[in-house]
Amino acid sequence: YDVALRSFMQSLRIRQQLLGEGHCDVAIAMYNIATAYYESGDEDEAMKFYRETLRVEKAALGDHHKDVALTLKHIGQVHQQRGELVEALDCFQQELDIERRIHGSNSIRVAKIMNRIGNFYLQRGESSKAMEQFSEALRIYKGSDQNVADLEISGFTLYGMSLIHPECAGAA
(Lines give C-alpha, C1' and ligand atoms only; values in the text may rest on other atoms or scores of the structure.)
Protein backbone atom coordinates (compact mmCIF):
# COMPACT_ATOMS: atom_id res chain seq x y z
CA TYR A 1 0.00 0.00 0.00
CA ASP A 2 2.88 2.36 0.66
CA VAL A 3 4.00 2.41 -2.98
CA ALA A 4 0.44 2.86 -4.19
CA LEU A 5 -0.22 5.66 -1.72
CA ARG A 6 2.96 7.49 -2.72
CA SER A 7 2.00 7.21 -6.38
CA PHE A 8 -1.58 8.34 -5.73
CA MET A 9 -0.35 11.29 -3.63
CA GLN A 10 2.03 12.34 -6.40
CA SER A 11 -0.79 12.03 -8.92
CA LEU A 12 -2.99 14.18 -6.68
CA ARG A 13 -0.35 16.92 -6.41
CA ILE A 14 0.19 16.96 -10.18
CA ARG A 15 -3.55 17.08 -10.92
CA GLN A 16 -4.09 19.87 -8.40
CA GLN A 17 -1.28 21.91 -9.94
CA LEU A 18 -2.41 21.38 -13.52
CA LEU A 19 -6.19 21.33 -13.12
CA GLY A 20 -6.94 23.15 -9.89
CA GLU A 21 -8.31 21.95 -6.57
CA GLY A 22 -11.90 21.55 -7.73
CA HIS A 23 -11.50 19.45 -10.87
CA CYS A 24 -13.22 16.07 -11.12
CA ASP A 25 -9.89 14.41 -11.99
CA VAL A 26 -8.58 15.65 -8.63
CA ALA A 27 -11.52 13.86 -7.01
CA ILE A 28 -10.49 10.63 -8.78
CA ALA A 29 -6.99 10.85 -7.31
CA MET A 30 -8.46 11.52 -3.84
CA TYR A 31 -10.83 8.59 -4.23
CA ASN A 32 -7.90 6.30 -5.08
CA ILE A 33 -6.03 7.51 -1.99
CA ALA A 34 -9.10 6.97 0.20
CA THR A 35 -9.58 3.46 -1.13
CA ALA A 36 -5.92 2.57 -0.55
CA TYR A 37 -6.20 3.79 3.04
CA TYR A 38 -9.43 1.84 3.52
CA GLU A 39 -7.93 -1.35 2.10
CA SER A 40 -4.89 -0.95 4.37
CA GLY A 41 -7.17 -0.62 7.41
CA ASP A 42 -6.71 3.09 8.09
CA GLU A 43 -10.36 4.10 8.33
CA ASP A 44 -9.64 7.60 9.65
CA GLU A 45 -7.50 8.61 6.68
CA ALA A 46 -9.89 6.84 4.31
CA MET A 47 -12.82 8.80 5.70
CA LYS A 48 -10.89 12.07 5.46
CA PHE A 49 -10.12 11.49 1.76
CA TYR A 50 -13.59 10.11 0.94
CA ARG A 51 -15.20 13.21 2.47
CA GLU A 52 -12.90 15.50 0.49
CA THR A 53 -13.62 13.47 -2.64
CA LEU A 54 -17.34 13.92 -2.04
CA ARG A 55 -16.95 17.68 -1.58
CA VAL A 56 -15.02 18.05 -4.85
CA GLU A 57 -17.36 15.72 -6.77
CA LYS A 58 -20.46 17.61 -5.67
CA ALA A 59 -18.86 20.92 -6.64
CA ALA A 60 -17.58 19.66 -10.00
CA LEU A 61 -20.31 17.20 -11.02
CA GLY A 62 -23.40 18.13 -9.02
CA ASP A 63 -25.20 16.39 -6.19
CA HIS A 64 -26.80 13.69 -8.34
CA HIS A 65 -23.89 12.17 -10.27
CA LYS A 66 -22.98 8.48 -10.30
CA ASP A 67 -19.53 9.24 -8.87
CA VAL A 68 -21.17 11.00 -5.92
CA ALA A 69 -23.30 7.90 -5.34
CA LEU A 70 -20.23 5.64 -5.38
CA THR A 71 -18.37 7.83 -2.91
CA LEU A 72 -21.42 7.90 -0.62
CA LYS A 73 -21.46 4.10 -0.74
CA HIS A 74 -17.85 3.94 0.41
CA ILE A 75 -18.37 6.53 3.14
CA GLY A 76 -21.33 4.44 4.30
CA GLN A 77 -19.18 1.31 4.35
CA VAL A 78 -16.57 3.04 6.53
CA HIS A 79 -19.32 4.18 8.91
CA GLN A 80 -20.74 0.65 8.97
CA GLN A 81 -17.29 -0.82 9.65
CA ARG A 82 -16.93 1.58 12.59
CA GLY A 83 -20.36 0.67 13.95
CA GLU A 84 -21.77 4.11 13.09
CA LEU A 85 -24.96 2.61 11.76
CA VAL A 86 -27.17 5.70 11.61
CA GLU A 87 -24.55 7.54 9.54
CA ALA A 88 -24.03 4.49 7.34
CA LEU A 89 -27.73 4.15 6.60
CA ASP A 90 -27.96 7.85 5.76
CA CYS A 91 -25.18 7.46 3.17
CA PHE A 92 -26.77 4.34 1.69
CA GLN A 93 -30.15 6.11 1.43
CA GLN A 94 -28.53 9.08 -0.34
CA GLU A 95 -26.83 6.65 -2.73
CA LEU A 96 -30.17 4.95 -3.38
CA ASP A 97 -31.88 8.29 -4.07
CA ILE A 98 -29.21 9.26 -6.60
CA GLU A 99 -29.32 5.91 -8.39
CA ARG A 100 -33.13 6.08 -8.59
CA ARG A 101 -32.89 9.54 -10.09
CA ILE A 102 -30.28 8.43 -12.65
CA HIS A 103 -31.52 4.94 -13.56
CA GLY A 104 -35.15 4.79 -12.42
CA SER A 105 -36.78 2.80 -9.63
CA ASN A 106 -36.67 -0.52 -11.48
CA SER A 107 -32.95 -0.57 -12.19
CA ILE A 108 -30.72 -3.48 -11.18
CA ARG A 109 -28.39 -0.93 -9.58
CA VAL A 110 -31.28 0.19 -7.37
CA ALA A 111 -32.09 -3.44 -6.52
CA LYS A 112 -28.50 -4.10 -5.48
CA ILE A 113 -28.48 -1.08 -3.19
CA MET A 114 -31.82 -2.10 -1.70
CA ASN A 115 -30.41 -5.56 -1.12
CA ARG A 116 -27.40 -4.03 0.67
CA ILE A 117 -29.71 -1.87 2.78
CA GLY A 118 -31.74 -4.99 3.59
CA ASN A 119 -28.59 -6.71 4.79
CA PHE A 120 -27.81 -3.63 6.83
CA TYR A 121 -31.24 -3.78 8.52
CA LEU A 122 -30.73 -7.48 9.11
CA GLN A 123 -27.40 -6.69 10.82
CA ARG A 124 -29.30 -4.28 13.09
CA GLY A 125 -31.93 -6.90 13.89
CA GLU A 126 -34.70 -5.06 12.04
CA SER A 127 -36.06 -8.03 10.11
CA SER A 128 -39.30 -6.39 8.95
CA LYS A 129 -37.45 -3.47 7.36
CA ALA A 130 -34.92 -5.93 5.91
CA MET A 131 -37.67 -7.96 4.28
CA GLU A 132 -39.23 -4.83 2.77
CA GLN A 133 -35.94 -4.07 1.08
CA PHE A 134 -35.34 -7.68 0.03
CA SER A 135 -38.86 -8.04 -1.36
CA GLU A 136 -38.57 -4.89 -3.46
CA ALA A 137 -35.11 -5.91 -4.68
CA LEU A 138 -36.49 -9.34 -5.61
CA ARG A 139 -39.40 -7.74 -7.51
CA ILE A 140 -36.94 -5.64 -9.52
CA TYR A 141 -34.70 -8.65 -10.21
CA LYS A 142 -37.60 -10.77 -11.39
CA GLY A 143 -38.87 -7.98 -13.62
CA SER A 144 -35.52 -7.63 -15.34
CA ASP A 145 -34.75 -11.28 -16.06
CA GLN A 146 -31.75 -11.16 -13.72
CA ASN A 147 -30.62 -14.21 -11.79
CA VAL A 148 -32.41 -14.02 -8.44
CA ALA A 149 -29.54 -16.04 -6.94
CA ASP A 150 -27.48 -12.83 -7.19
CA LEU A 151 -29.44 -11.45 -4.25
CA GLU A 152 -27.42 -12.00 -1.11
CA ILE A 153 -29.23 -12.01 2.18
CA SER A 154 -26.35 -12.50 4.58
CA GLY A 155 -26.27 -16.22 3.87
CA PHE A 156 -30.04 -16.78 3.85
CA THR A 157 -32.65 -17.39 1.20
CA LEU A 158 -35.97 -15.58 1.59
CA TYR A 159 -37.47 -18.89 2.70
CA GLY A 160 -34.71 -19.38 5.27
CA MET A 161 -35.37 -15.89 6.59
CA SER A 162 -39.06 -16.72 7.00
CA LEU A 163 -38.17 -19.75 9.14
CA ILE A 164 -35.99 -17.66 11.47
CA HIS A 165 -38.26 -14.61 11.39
CA PRO A 166 -41.88 -15.81 10.95
CA GLU A 167 -43.08 -12.22 10.56
CA CYS A 168 -41.26 -12.24 7.21
CA ALA A 169 -43.10 -15.28 5.82
CA GLY A 170 -45.37 -13.18 3.63
CA ALA A 171 -42.43 -11.87 1.64
CA ALA A 172 -40.79 -15.24 1.27
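The values are calculated or read from the model by the stated rules, or taken from the named source; none is laboratory data. Computed from a predicted structure; not experimentally measured. Note: ideal-geometry Cβ built from the backbone for every residue, glycine included; neighbour counts use all protein chains shown. Just so you know, the surface numbers come from the protein's heavy atoms only, side chains and all, with ligands and any DNA or RNA stripped out. Shrake-Rupley method; radii C 1.70, N 1.55, O 1.52, S 1.80 Å.
Within the range 68-97, the only residue that satisfies the criterion of being of a type in the set (A, V, I, L, M), open to solvent by 10 Å² or more (accessible area, probe 1.4 Å) and touching a helix residue (DSSP H, G or I) at 6+ places or on another chain (Cβ under 7 Å) is Leu89.
On the basis of being out of contact with any Asp or Glu (no Cβ under 8 Å at 6 or more places or on another chain) and within 20 Å of Lys112 (Cα to Cα), does His79 make the cut? No; evaluated as a whole, the condition is false for this residue. The number of residues in the range 112-142 being modelled with pLDDT of 85 or more and open to solvent by 70 Å² or more (accessible area, probe 1.4 Å) comes to 5.
When residues in the range 34-89 are screened for being of a type in the set (S, T, N, Q) and over 14 Å from the mean Cα position of the chain (by Cα), 2 of them pass. Tell me, yes or no, whether the range 93-108 has at least one residue that is in a helix (DSSP H, G or I), at pLDDT 90 or above and among the small types (Gly, Ala, Ser). No, because not a single residue in the range 93-108 is in a helix (DSSP H, G or I), at pLDDT 90 or above and among the small types (Gly, Ala, Ser). Which one is nearest to Cys91 (Cα to Cα), of the residues in the range 6-59 that are of a type in the set (Phe, Trp, Tyr) and either outside any helix (DSSP H, G or I) or open to solvent by less than 50 Å² (accessible area, probe 1.4 Å) (or both)? Looking at residues that are of a type in the set (Phe, Trp, Tyr) and either outside any helix (DSSP H, G or I) or open to solvent by less than 50 Å² (accessible area, probe 1.4 Å) (or both), I get Tyr50.
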